[in-house]
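One structure is given here, and the rest of the page talks about it.
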Amino acid sequence: MIRVLVLNGPNLNLLGTREPEIYGHTTLAEIDEALRLRGAELGLAVECLQSNHEGVLIDRLQQRDFDWAIVNAAGLTHTSVSLRDALLAVGRPFVEVHLSDPSRREPFRQVNFLHDIADAAIVGRGAAGYAEALEIVASQASGLAASEKADVAHPAGSADPSQTHPDPGAG
Ligand code: DQA
């Protein structure tokens, strides 16, 4: 069975009540449960971990006991060389998820230490973005051809990748 690790970073434990006008009303527990259920349907073993602590996320990655990751690093996206290094070190493919579209928010959110090493990114889709990321994992893990992978990674209607993947060195 394909093992999928879903990592959520700082403050995402507060989803549902945290700035709902930006992040919506769905709680992280609801997101995690939906991912586990859909994962079971897709034949994926889904494990979810949220932490407010960078080192906890890095320690979990270093266990290397997963095949794919879905990562919403939250604020660490914009600051953490160490989380980037950990993702590179473990060498597992991952889908970057953000509920909002950081590239359309404050300038400091346009620095992104993860986007260029992610296999795909889903941004600005709210809680649904996690489910979309899981579908990408299922498709890619089942061995789609390279051309099909590109279509799945940037489905029709998603934002322009040049918008969702700003150059971290460009600002
Ligand atoms: C976020 C976007 C980040 O900029 C922010 O720091 C978060 C949440 C998102 O899911 O939209 O905590 O990752």
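What follows draws every value from the coordinates through simple rules; no lab data is involved. Only a predicted model underlies this, so the values are computations on that prediction, with no experimental measurement involved. Methodologically, a virtual Cβ is constructed for each residue, glycine included, from the backbone with ideal geometry; neighbour enumeration extends over all protein chains shown.
A few comments on the model shown:
- Candidate set from the range 106-129 (those that are part of a helix (DSSP H, G or I) and farther than 8 Å from E96 by Cα); member that is nearest to the ligand (Cβ to nearest atom): R109
- Search result, residues across the range 1-56 that are under 27 Å from V81 (Cβ atoms), away from the ligand (no atom under 12 Å from the Cβ) and acidic (D, E): E47, E54
- Residue check, E41 surrounded by fewer than 16 Cβ atoms within 10 Å (Cβ to Cβ), acidic (D, E), without any contact (Cβ under 8 Å) to a residue 24 or more places away in the chain and within 17 Å of A138 (Cα to Cα): yes
- In the range 133-145, the residues that are crowded, with 18+ Cβ neighbours inside 10 Å and not aliphatic (A, V, I, L, M): Q140
- Among the residues of the range 99-130, those identified as surrounded by fewer than 18 Cβ atoms within 10 Å (Cβ to Cβ) and within 17 Å of D32 (Cβ to Cβ) are G126, A128.
- Selected residue (criterion: farthest from the ligand (Cβ to nearest atom)) from residues of the range 84-105 that are of a type in the set (A, V, I, L, M, F, W, C), free of Cβ contacts under 8 Å to residues at least 60 places away in the same chain and within 19 Å of L12 (Cβ to Cβ): A86
- Residue match in the range 73-89 (condition: surrounded by 14 or more Cβ atoms within 10 Å (Cβ to Cβ), touching a helix residue (DSSP H, G or I) at 6+ places or on another chain (Cβ under 7 Å) and part of a loop (DSSP other than H, G, I, E, B)): yes
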